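**Q** Here it is, the structure in full.
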Amino acid sequence: MLNQYPLWKYLMLAIVLVVGSLYALPNLYGEDPSVQVSHRTQPLEQGDLLAVEQVLNKEAIEFKRIELENNKVLVRFNDEHTQLKAADALKDALDKKYLVALNLAAATPDWLRSLNASPMYLGLDLRGGIHFLMEVDMEAAIKRLEESLISDIKSALREEKIRYRGVRLDDHILQIDFSDATSVESALSILKRQFRQLDLSQQGEQLSIQGKLTEVAIRDEKKSALQQNIITLRNRVNELGVAEPIIQQQGDSRIVVQLPGVQDSARAKTILGGTATLEFRLTEGSVTDWYDAEESGRIPLNALLYHERNGNPVLLNRRVIVTGDMITDAASTIDTDKGVPAVSVSLDGKGAKKMNDTTRENVGHKMAVVFIESKVETKQVGDETVKQRSITKEVINVATIQGVFGARFQITGMESQEARDLSLLLRAGSLRAPIEIIEERTIGPSLGADNIKQGFQSVMIGFVLVLIFMAIYYRAFGLIANVALTVNLVLLIAILSMLQATLTLPGIAGIVLTVGMAVDANVLIYERIREELRNGNSIQASIHAGYEKAFSTITDANITTLIAAVVLFSLGTGPIKGFAITLSIGIITSMFTAIVGTRAIVNFVYGNRHLEKISI
C-alpha cells in the first residue's frame, strides 16, 4: 500500500494526456498554400465569397476549399504554383477595395478546429519574410505639438480680442509678447485655463508670458505618438496585403514589424517609413511673378516660394485649403482625359466644405498640390551618431480650377507606381512622428524551410539519444522515463499551440535544451532509489524514499533555471523571449511528467507488490 496513487490522480493524468495530445495534433497536418481576400473597410459576406469563387471558376483554377473565416475569404490550394496564379487572377478581377494576400493556412481538420485546436505559429526565421525594428522620432513629435500649440494660442487670443505683438518658440520655450500689462494679465488667465499642458508664467516686470510643456504633457505626447504610429503602420501593412503580420511596441520608442512572406524589402520600407502627405493651396500672381521672385529673392508677404519637380518656381498662398489628414479615401487610377496616372481623392465633411467654398470663389484661378515628405537619417559624424531630419516639399501638380468641386476630385503629375504608393499612404493615414528603420532582416522562404528541417532534426537527434541512454543505463525504469519524456514533448507542443505562441529558431533551441534537462529529475530520483537499495532498504521503501528525498533537489534546480528564464523574458527582445518562453514551459512540463508522471507509472507497475528485485 506504500506506493499507490488514488484513482482520481490516474484520471487527472489521463485527462491531461488526452487534452495535450488533442491540442498538439494540429501540428502534424502542415499548411495549405492559400489566398486570403479581405476588404479595406468592411467585413466580407457570403456574396463576396461567391464573387471570389466565380473568378476562380472563370479562370479554370482548381482550389481545394473556399471558406468565409473571420470576415475574410480564404481559398486553399494544392500547390504554390496554383496559389500564385489565383492571386494574380483575383487582383486583376476584383475591385481595388479588396486586398489579396498570399497565406499559408493550417490544414487542421474541422473536428479539431471545432475544439479551437490550432498549430503553433511559425516565426519569421522559419517561415521567411522581412523583420524591421523602427524608432519613432520623439523629438519631432514634441516639436509638432509645440507648433500646434502656437497656432492654437494665436487663435485663442484673437477670439478673446487680446492684442499681442508676437508668439515665438526658442529651444522648447514658448514666449508671447504684449504691448501693455493689462493684456498680459488677461492673456495669462485665459491661457492657463485653456492650455493645461503648458506651464505658463509672467517673466518679472516684462510684458511677456513664457511657457513650456509639462512633464505629463511630454510623456502623454510620446505615448500617443507611439500608439498612433502603430495604428498607422498596421493600416499600411493591411494595404500591402500581408497575412498574419506582427506589429508590436518594444520599449518606449521602438516598434517591431514582421511581414511573413514579403521579400521586396525596398517597397516595404518605402510604404512603412513614408511620411508623405498633401497640401492644397491657391497660387499667387502670374508665372512671370514666380520667376521674378526666384531671381530677386523678394517674396510677397502673403506667399511662399515652392518648386515643381522640374525645378520651376511657384508662388503659393500661405493659407492651406485642405491638408492630408482631411482625406478619407484615395485610390490610384487613370485620368480618362489625359490618359496619365492619377490619384482619386475623397475628403471628409470639413475638407469638402473648405474645397467647395474655395473652388466656388476661385473658378479660373490656379490651385497647386504640394507633396510633403519627412525623413530621418542616422549618420556617423566623427565619433558621434547624429540624426539628420529633412523635410521635402515639392509641387506635383498645378491646375486651373475649371468648376466647383468638393468631396471628390483627382490629382495628377506622378508616375504610375508613385500614384499607387501615394494613394496607399493617404488611405492608411499619416504617421504622428517620423520613424527610422534601425534594423532590417530579410529571410527567404527556402532558408525558412531549411531552418524548420534542421530544427526538427536537432530535436529528434537529442530526443533519440536521450531515449537510448536512459533505456540502456536504467533499463525498465529508463523506459518509464522515456515515456515521461515523450509525454513532456507532447505537452510542451500542446501548451505552445494553445497559447498560439510563435515558434522561432531560439524557441527550437529551448525545446532541445528542455529535452536534455527533462530526464535530470529522473536521474536524481533513480540514483536516490539505487542508493536506498544499497543501504539495504526494501524495494517499496526505496522507491518511496527516492521520490520524496529527491524532490527538494529537483525543485531547487528547476526553480533556479525558471528564474533565469523569467529574467531573459523580462529583459530580452524577440528571439530571446522565444527561447525563454519555451524553456519556461518546458521546465514546468518536465517537472510534472518526471515527478508525477513517472511516479504514477511506477506505482501502477510496482505498487502494492512484494518484489525481490527491480530493473534499475
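**Q** Considering only the range 347-355, I want to know if a residue exists there that is part of a strand (DSSP E or B), more than 20 Å from Ile391 (Cβ to Cβ) and under 33 Å from the mean Cα position of the chain (by Cα).
**A** Yes.
**Q** Sticking with this structure for a sec: I need a count of the residues in the range 5-37 that are farther than 22 Å from Asp110 by Cα and at pLDDT below 85.
**A** Final tally of qualifying residues: 2.
**Q** How many residues are at pLDDT below 80 and of a type in the set (Asp, Glu) when one looks only at the range 85-117?
**A** 1
**Q** I'm trying to understand the selection: among the residues of the range 479-520, which are small (Gly, Ala, Ser) and surrounded by fewer than 21 Cβ atoms within 10 Å (Cβ to Cβ)?
**A** Ala501, Ala509, Gly516
**Q** Next question, about the same structure. Under 27 Å from Leu499 (Cα atoms), surrounded by fewer than 16 Cβ atoms within 10 Å (Cβ to Cβ), aliphatic (A, V, I, L, M) and in contact (Cβ under 8 Å) with a residue 12 or more places away in the chain: which single residue out of Val19, Val35 fits that description?
**A** Val19
Results for (1) surrounded by fewer than 19 Cβ atoms within 10 Å (Cβ to Cβ); (2) touching a strand residue (DSSP E or B) at 6+ places or on another chain (Cβ under 6 Å); (3) assigned to a helix (DSSP H, G or I), shown as yes or no for each residue.
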{"position": "Lys549", "(1), (2), (3)": "yes, no, yes"}
{"position": "Ile563", "(1), (2), (3)": "yes, no, yes"}
{"position": "Met591", "(1), (2), (3)": "no, no, yes"}
{"position": "Ala600", "(1), (2), (3)": "no, no, yes"}
{"position": "Asn608", "(1), (2), (3)": "yes, no, no"}
{"position": "Glu612", "(1), (2), (3)": "yes, no, no"}
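**Q** Now a separate question. Quick one: in the range 354-372, of everything that is of a type in the set (D, E, K, R) and surrounded by 15 or more Cβ atoms within 10 Å (Cβ to Cβ), which residue is farthest from Asp329 (Cα to Cα)?
**A** Step by step, filter the range 354-372, then rank; the result is Lys366.
**Q** Among the residues of the range 298-320, which ones are touching a strand residue (DSSP E or B) at 6+ places or on another chain (Cβ under 9 Å) and over 26 Å from Met355 (Cβ atoms)?
**A** Those that are touching a strand residue (DSSP E or B) at 6+ places or on another chain (Cβ under 9 Å) and over 26 Å from Met355 (Cβ atoms): none in the range 298-320.
**Q** Quick one: Gln228 ticks every box in (1) surrounded by 13 or more Cβ atoms within 10 Å (Cβ to Cβ); (2) farther than 30 Å from Thr442 by Cα; (3) not aliphatic (A, V, I, L, M) except a single one, so which number is it?
**A** Among (1) surrounded by 13 or more Cβ atoms within 10 Å (Cβ to Cβ); (2) farther than 30 Å from Thr442 by Cα; (3) not aliphatic (A, V, I, L, M), the lone unmet condition for Gln228 is (2).
**Q** Another question, then. Please give the number of the condition Glu394 fails out of (1) at pLDDT below 80; (2) surrounded by 14 or more Cβ atoms within 10 Å (Cβ to Cβ); (3) acidic (Asp, Glu).
**A** (1)
**Q** Taking Thr214 as the residue in question, decide whether it is loosely packed, with under 13 Cβ neighbours inside 10 Å and either farther than 19 Å from Ile162 by Cα or assigned by TED's automatic domain parsing to the domain that holds Arg165 (or both).
**A** no
**Q** Sort out which residues of the range 200-236 are charged (D, E, K, R) and touching a strand residue (DSSP E or B) at 6+ places or on another chain (Cβ under 6 Å), and write them in order of number.
**A** Correct list: Lys212, Arg234.
**Q** Shifting gears a bit: What is the number of the single condition among (1) part of a loop (DSSP other than H, G, I, E, B); (2) surrounded by 13 or more Cβ atoms within 10 Å (Cβ to Cβ) that Ser179 does not meet?
**A** All conditions pass for Ser179, except number (2).
**Q** For Val184, work out the one condition from (1) part of a helix (DSSP H, G or I); (2) among the β-branched types (Val, Ile, Thr); (3) at pLDDT 85 or above it doesn't fulfil.
**A** (3)
**Q** Before we move on, is Leu505 assigned by TED's automatic domain parsing to the domain that holds Glu279, of a type in the set (A, V, I, L, M, F, W, C) and either within 22 Å of Val19 (Cα to Cα) or under 27 Å from the mean Cα position of the chain (by Cα) (or both)?
**A** So Leu505 does not fit the description; no.
**Q** Being of a type in the set (Lys, Arg), surrounded by fewer than 17 Cβ atoms within 10 Å (Cβ to Cβ), assigned to a strand (DSSP E or B) and within 45 Å of the chain's Cα centre (by Cα) narrows it down to one residue among Arg219, Arg168, Arg193; which is it?
**A** Arg168
**Q** Also: Name every residue in the range 337-363 that is under 13 Å from Phe409 (Cα atoms) and either hydroxyl-bearing (Ser, Thr, Tyr) or without any contact (Cβ under 8 Å) to a residue 12 or more places away in the chain (or both), in order of residue number.
**A** Listed by number, the residues that qualify are Ser344, Ser346, Thr359.
The values are calculated or read from the model by the stated rules, or taken from the named source; none is laboratory data. Since this is a predicted model, take the numbers as computed values, not measurements. Every residue, glycine among them, receives a Cβ derived from its backbone with ideal geometry; neighbour counts consider all protein chains shown.
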